[in-house]
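The values are calculated or read from the model by the stated rules, or taken from the named source; none is laboratory data. Keep in mind that what you see is a predicted model, and the values were worked out from it rather than measured. With ideal geometry, Cβ positions are generated from the backbone for all residues, glycine too; neighbour counts draw on all protein chains shown. SASA here: full protein model, heavy atoms, side chains in, ligands and nucleic acids out. Shrake-Rupley method; radii C 1.70, N 1.55, O 1.52, S 1.80 Å.
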Amino acid sequence: MASMTVSAKDVSELRARTGAGMMDCKRALEEAGGDMAAAAELLRKKGIAKAEKRAGRSTSQGLVVIEASADGTDAAMIELNSETDFVARNDEFRALAKGLAAVARQGVAPGTVAAAPEEAFLQLPYAGATVGAAITEATAKTGEAVALKRYAHFRPATGVVGTYLHHNEQVGVLVEVAGATGEAALAVARDIALHVASADPLAVAPGDIPAEVMERERRIAEEQVAQEGKPENIRAKIVEGKLKKFAAERALLEQPFVKDEAQTVGRLLATVPGASVVRFARFKVGEA
């Protein structure tokens, strides 16, 4: 049937009836010549309405996929989720995850780390349609909710991106190192990525740890000191000491390097003149 102009009101009504996405509803109405019932039937036939209703289910399984340039100067990472490990190991699911990682590398601004993909990402072109349409189609085909949980893309103006993907494809890391290029810089960046996967730091440096996290730790430390019955005049000093220790333990550059605990990650980084860690992203399937 010839395409026609449909109103936003009709699109919203069809979306409310079926739970399908706005673009899918618009296309169905155009194909059905504006007939609401026919458009709803089209969506059901394509599995889209049913697929959208599955989207609310728990998606705690899945894969982390990394797509990187051969020279290590550009890398993207995505986490694609499913309801069961069975679907996550399906060849089509794996192909979709790899394809979406490539989309993130090409279509997402460098320096991005995002969760719960925005509509702009879901509307990026993929396989003759869009990212959102591909995910909806995967949901319809598998009979499970399929969801793109988060994505990241790093490409420093001058620097390298270290990557690490655990053998089970459940944990992945990107580390952006600026100020240095070449094999030595890339080797260190990759070692730091491995470290991040293992140690799970909160931030690059102590001062980068979110204020709300430090405030929470301060309240905990104050309660601990009070329960221990420490004298009032030294409590503040003890609390500050606890906070300093916490920050050092959770800040990447202060942590003992997992492959050589005699040195910190900061000292490892210093072996490459001019290098600095700008940011990192760590994705673990099923983790917030």
| request: Could you pull out the pairs from 98/244; 245/284; 26/149 whose alpha carbons sit more than 30 Å apart here? | output: 98/244
| task | Would you mind working out the accessible area per residue for the stretch 174-278, using a 1.4 Å probe, and quoting it in Å²? | result | 55 Å²
| field | Between helix 91-107 and the chain: long-axis angle, C-alpha atoms, 0 to 90°, nearest 10 | value | 70 degrees
| said: With angles folded into 0 to 90 degrees, how steeply does helix 131-142 sit against the dominant principal axis of the chain? Use alpha carbons for both and round to 10. | reply: 80 degrees
| If each Cα of the stretch 111-213 is one equal point scatterer, what is log10 of I(q)/I(0) from the Debye formula at q = 0.13, 0.21 Å⁻¹? | -0.67, -1.14
| field | Percent carbon-and-sulfur accessible area, the stretch 80-194, ignoring ligands, DNA and RNA, probe 1.4 Å | value | 54 percent
| So which aspartates and glutamates pass the test for residue 242, namely a Cα distance under 19 Å, with those fewer than 8 places away in the same chain ruled out? | 208, 212, 215, 217, 222, 223, 228, 232, 254
| note | Inter-part gap, Cα centre of the stretch 223-273 to Cα centre of the stretch 93-167, in whole angstrom, is 36 Å
| message | What is the angle, in °, between the Cα long axis of helix 183-199 and the longest principal axis of the Cα atoms in the chain? Nearest 10 is fine, range 0 to 90. | response | 90 degrees
| Sites residue 41 and residue 12, calculated FRET efficiency, Cβ-Cβ separation with R0 22 Å, nearest 0.05 | 0.75
